[in-house]
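This report refers to the structure that appears directly beneath it.
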Amino acid sequence: MRSTRDLDPVLVLPGLGDSGPQHWQTLWLAGRPGFRRVEQADWEAPHCSDWVARLDAAVQDVGPQVLLVAHSAACSLVAHWVAAYGKKVRGALLVGPSDTEAPSYPVGPTGFAPMPLVRFPFVSTVVASADDPYVSLDRAELFARAWGSRFVNVGSAGHINSASGLGSWPAGLELLEELKARGSSGS
């Protein structure tokens, strides 16, 4: 694999509660100055419109060559951002998309449901687990089809977070590299 510097710039989009110190998103940020976390004002009970505004400001700051790396509720954030603005970026890696319409979705966040089922104007990959408590595999596949995303089933990996024991998740970086190549070729 090439240097992760070849992936720059990358906006890291954590889900509810932010990504803790052992989460692969946090580990990806370490030592990679081209990777930047989009900080939200409220990680526990956010308003979707606030998160969308912060994402849009970050994309404007970094530029359209950015790759988005979203986890959990932040996958919904990307879909809402696309629905609101229709802007193009190089691509998006959407990992463990929480189903904002499911009974398992936490109480507190507002405006994230319904999940936008709009085709993205850029390449994307949805990564899902067969035993994710926040989204069924069928719903994750539905999201991928609606968004025009490549779908990757990683088997049984829970919510694909720190509890999944992935560490720095090298396979995820490989998916990001593949996504960048697809985004660069325009496919």
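The values are calculated or read from the model by the stated rules, or taken from the named source; none is laboratory data. Since we're looking at a predicted model, the values are computed, not measured. Neighbour counts are summed over all protein chains in view; Cβ atoms, including those assigned to glycine, are modelled from backbone coordinates with ideal geometry. Just the protein is used for accessible areas: all its heavy atoms, side chains included, with ligands, DNA and RNA removed. Shrake-Rupley method; radii C 1.70, N 1.55, O 1.52, S 1.80 Å.
Values computed for the structure shown
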item: Net charge, TYR134 excluded, C-beta distance under 13 Å - Lys, Arg +1, Asp, Glu -1; result: -3
item: For volume of the Cα convex hull per residue in Å³, calculated from these coordinates, the label among [x] 115; [y] 102; [z] 123; result: [y]
item: Net charge contributed by nearby residues that have their C-beta within less than 11 Å of ALA41 (K/R +1, D/E -1); result: -3
item: Approximate spin-label separation ALA146-GLN22, in nm, with each point projected 7 Å along Cα-to-Cβ; result: 3.4
item: Built amide H within the under 5 Å cut-off of GLY91, gap 5+; result: LEU68
item: Heavy atoms of ASP18 accessible to a 1.4 Å probe, total area in Å² rounded to 10; result: 50
item: The chain, accessible surface, carbon-and-sulfur percent (1.4 angstrom probe); result: 52
item: Cα lying deepest toward the dipole's positive end in the chain, options LEU27, TYR134, ALA58, charges on Cβ; result: ALA58
item: Cα-centred dipole magnitude for the chain, charges only on beta-carbon of K, R (+1) and D, E (-1), debye, nearest 20; result: 680
item: Alpha carbon centroid spacing (whole Å) that separates the range 114-187 from the range 26-58; result: 18
item: Surrounding net charge for LEU11, when Lys and Arg each add one and Asp and Glu each subtract one, Cβ distance under 15 Å; result: +3
item: Accessible area per residue, Å², the chain with all protein chains present, probe 1.4 Å; result: 42
item: Computed magnitude of the charge dipole of the range 127-180 (debye, nearest 20; Cβ of K, R +1, Cβ of D, E -1); result: 140
